[in-house]
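In what follows, a structure is listed as structure tokens, so that the remarks can point back to it.
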Amino acid sequence: MEFIKRILRIIRANINSLLNSAEDPEKILQQAVIEMQENLVQLRQGVAQAIATQKRTERQALAAQSTSEEWYRRAQLALQQGNEVLAREALTKRKAYQETATALSSQREQQNDVVARLKKDMRSLELKIGEAKTKKDMYIARARSAEASVRLQDMLDTSSPTSSLNAFERMEDKVLQIEAQSAAIAQLGTDDLQKQFDSLESAGDIDTELAAMKGQVLDTGQNTLPQKLPKSPES
């Protein structure tokens with residue numbers, strides 16, 4: 001039994017050493033959540049910037065398309081006035097703006113994919129942060145409970161006969177002893193008092209008996225006295 005207790009003490013010592021030397025789980029989890037929230041802020045900023053870039057590209061594509069259409073109308077006007085050279089130059093401008101509009105539209109599609117992916121990542125991170133907060137509270141509660149359990153078990157198992165846990169048992173024994181002594185003293189006092197009354201009753205009985213004996217003696221003495229003889233006629 002003592003050998004098992006020694007092993008348990010060694011195990012508890014190792015656990016306490018691990019708890020003391022290890023990083024604080026509460027601080028680690030809180031720091032992890034803080035870092036995730038900071039990443040979420042940066043991701044939101046990235047999403048906002050991507051959306052702003054997407055909107056700007058879309059406006060540029062629409063402007064390029066509108067300009068290309070304007071150059072097309074100018075080419076038509078020049079051709080209607082018989083200025084083929086000017087009409088050709090206008091069509092050349094129109095083509096350039098059309099190419100720009102096409103390139104911007106393609107870029108806008110790519111940006112749409114980027115924004116969609118960033119939004120998806122942002123929602124995923126938000127869910128993970130929510131789960132992390134829930135798990136953080138749970139793990140912190142479990143860590144505190146485990147530490148408290150180890151300390152309590154250590155206190156219970158390593159308590160000595162003079163420890164505070166055994167104080168109640170010692171006090172109970174003392175109270176029982178005092179109560180026994182008090183009962184014994186009370187019993188002795190009652191016995192002495194009873195003896196005194198018994199003695200008085202016994203003395204009274206003896207006095208009564210003595211008085212009765214005296215009465216008997218007196219009566220007997222009177223009965224045994226000599227009686228006077230009757231006088232003779234001669235006298």
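The values are calculated or read from the model by the stated rules, or taken from the named source; none is laboratory data. The structure presented is a predicted model; accordingly, all values stated were derived computationally and were not measured. Here Cβ is always computed from backbone atoms with ideal geometry, including for glycine, and neighbour counts include all displayed protein chains. To get the accessible areas, we keep the full protein, side chains included, count just its heavy atoms, and leave off ligands, DNA and RNA. Shrake-Rupley method; radii C 1.70, N 1.55, O 1.52, S 1.80 Å.
Hey, among ASP154, ASP113, which residue is modelled with pLDDT under 75, of a type in the set (D, E, K, R) and part of a helix (DSSP H, G or I)? Write out each step before concluding.
Numbers: ASP113 fails: modelled with pLDDT under 75.
Sole residue among the options that is modelled with pLDDT under 75, of a type in the set (D, E, K, R) and part of a helix (DSSP H, G or I): ASP154.
When you look at GLY130, is it surrounded by 13 or more Cβ atoms within 10 Å (Cβ to Cβ), of a type in the set (Gly, Ala, Ser), at pLDDT below 90 and at negative phi, yes or no?
Details: surrounded by 13 or more Cβ atoms within 10 Å (Cβ to Cβ): no; of a type in the set (Gly, Ala, Ser): yes; at pLDDT below 90: yes; at negative phi: yes.
When the stated conditions are applied, GLY130 does not pass them.
Pairing each residue of segment 138-151 that is in contact (Cβ under 8 Å) with a residue 40 or more places away in the chain with any residue that is surrounded by 11 or more Cβ atoms within 10 Å (Cβ to Cβ) and among the charged types (D, E, K, R), provided the two are 6+ apart or on different chains, yields C-beta distances under 7 Å for ILE140/GLU26; ALA143/GLU26; VAL150/ARG12. The selection criterion, being part of a helix (DSSP H, G or I), buried (at least 17 other Cβ atoms within 10 Å of the Cβ), polar (S, T, N, Q) and over 32 Å from the mean Cα position of the chain (by Cα), does not hold for THR53.
Across segment 111-127, the number of residues qualifying as open to solvent by 80 Å² or more (accessible area, probe 1.4 Å) and closer than 16 Å to ALA48 by Cα comes to 4.
Can you confirm whether LYS174 is at pLDDT 70 or above and part of a helix (DSSP H, G or I)?
The answer is yes for LYS174.
Here is a check on your reading of the model: is ALA180 farther than 22 Å from LEU43 by Cβ and at pLDDT below 85? For ALA180, the condition - farther than 22 Å from LEU43 by Cβ and at pLDDT below 85 - is met. When you check VAL114 against the structure, is it over 30 Å from GLN30 (Cβ atoms), β-branched (Val, Ile, Thr) and out of contact with any Phe, Trp or Tyr (no Cβ under 8 Å at 6 or more places or on another chain), yes or no? Yes; evaluated as a whole, the condition is true for this residue.
The set of residues from segment 24-66 being without any contact (Cβ under 8 Å) to a residue 60 or more places away in the chain and of a type in the set (S, T, N, Q) comprises GLN31, GLN42, GLN45, GLN49, THR53, THR57, GLN60, GLN65, SER66.
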